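J.: The structure is given below, and queries will be raised subsequently.
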Amino acid sequence: MFAPSILPSAAGALALCLFIIFSQVGCASSRNGAGIAASPASRVAKEAEFAEFASLLGRRLALAEKVALVKFRERLPVEDRPRENNFLAAVEERAVAAGVDHAQARAFFAAQIEASKREQSRLLRAWKSGLPLPGWGALSLRDDVRPELDRLTPLLLAGWQAVRHQPGLHRRLYRELRQQGWSIPVARAAVSF
């Protein structure tokens, strides 16, 4: 079984290349939807921010496989409400400290938890029906997986703050997650914030 691609999409790579080109040579400006002059370089920068954010989101979703494997081996349930609530409370604190609306940050990360649980549930069903397990050795949620999630959380919060007002964010993010290989239910859950 292969995990969905977590590499930046071709569009993301193109956006990054165009950002570098435009930032080096300067371009004529055009008008954005608000009637304010916006250079092509600033549009490309926004695309690069989006591509990086979508890549981070894919990396977080990819950790669902490790979480599911530990839960499968230790016969743990997918849902852990007390841990989820503690995590979301900590996210709210980080959001306030970063000047981000805490309720919106909570909704965003609650959607990511739901997407992860959907992927975990899919994997657990597959493994119970006989699909081979991934070849990882012993893993621990505490020592192996949660530190990775903890490293991604502030990056995702900053990325979300940068892209959350971009037009069509939900639609574009859904499309990007599908291109990364995530299922319809997982992608829908991830953009349900």
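The values are calculated or read from the model by the stated rules, or taken from the named source; none is laboratory data. Nothing here was measured: the structure is a model prediction, and the numbers come from that model. Because the Cβ atoms are built from the backbone with ideal geometry, glycine has one as well, and the counts that use them run over all protein chains shown. Remember, those area values only see protein heavy atoms, side chains included, never the ligands or the DNA or RNA. Shrake-Rupley method; radii C 1.70, N 1.55, O 1.52, S 1.80 Å.
J.: For Arg122 and Asp143, compute 0.36 nm times the residue count separating them, minus their Cα-Cα distance, and round to one decimal in nm.
T.: 5.2 nm
J.: Which three extents, in whole angstrom, do the alpha-carbon atoms of the range 30-124 cover along their principal axes, largest first?
T.: Cα spread of the range 30-124 along its principal axes, largest to smallest: 57, 27, 17 Å.
J.: May I pose another question? Using a 1.4 angstrom probe, figure out how much accessible area the range 142-193 has per residue, in square angstrom, rounded to the nearest whole.
T.: 52
J.: For Asp101 and Arg75, what is the calculated FRET efficiency with R₀ set at 45 Å and r taken between the beta-carbons, to the nearest 0.05?
T.: The formula returns an efficiency of 0.70 here.
J.: Right, next: Separation between the Trp136 and Arg175 pseudo-spin-labels, each 7 Å from Cα along Cα→Cβ, expressed in nm?
T.: 3.2
J.: Work out how much length Asn86 to Ser129 would gain on full extension: take 0.36 nm times their residue separation and subtract the Cα-Cα distance, in nm to one decimal.
T.: Answer, rounded to one decimal: 12.2 nm.
J.: Could you compute how fast the range 82-146 diffuses translationally, taking Rh as the Kirkwood radius over C-alpha pairs and applying Stokes-Einstein at 20 °C with viscosity 1.002 mPa s? Give it in µm² per second.
T.: Roughly 153 µm²/s, to the nearest whole number.
J.: Additional query: Cut-off under 20 Å on the C-alpha distance; same-chain residues fewer than 8 positions from Lys71 excluded. Which lysines are left, in chain and number order?
T.: Within reach: Lys117, Lys128.
J.: At 0.36 nm per residue, minus the direct Cα-Cα distance, what do Ser39 and Ser183 gain on full extension? Give it in nm, one decimal, please.
T.: 48.3 nm
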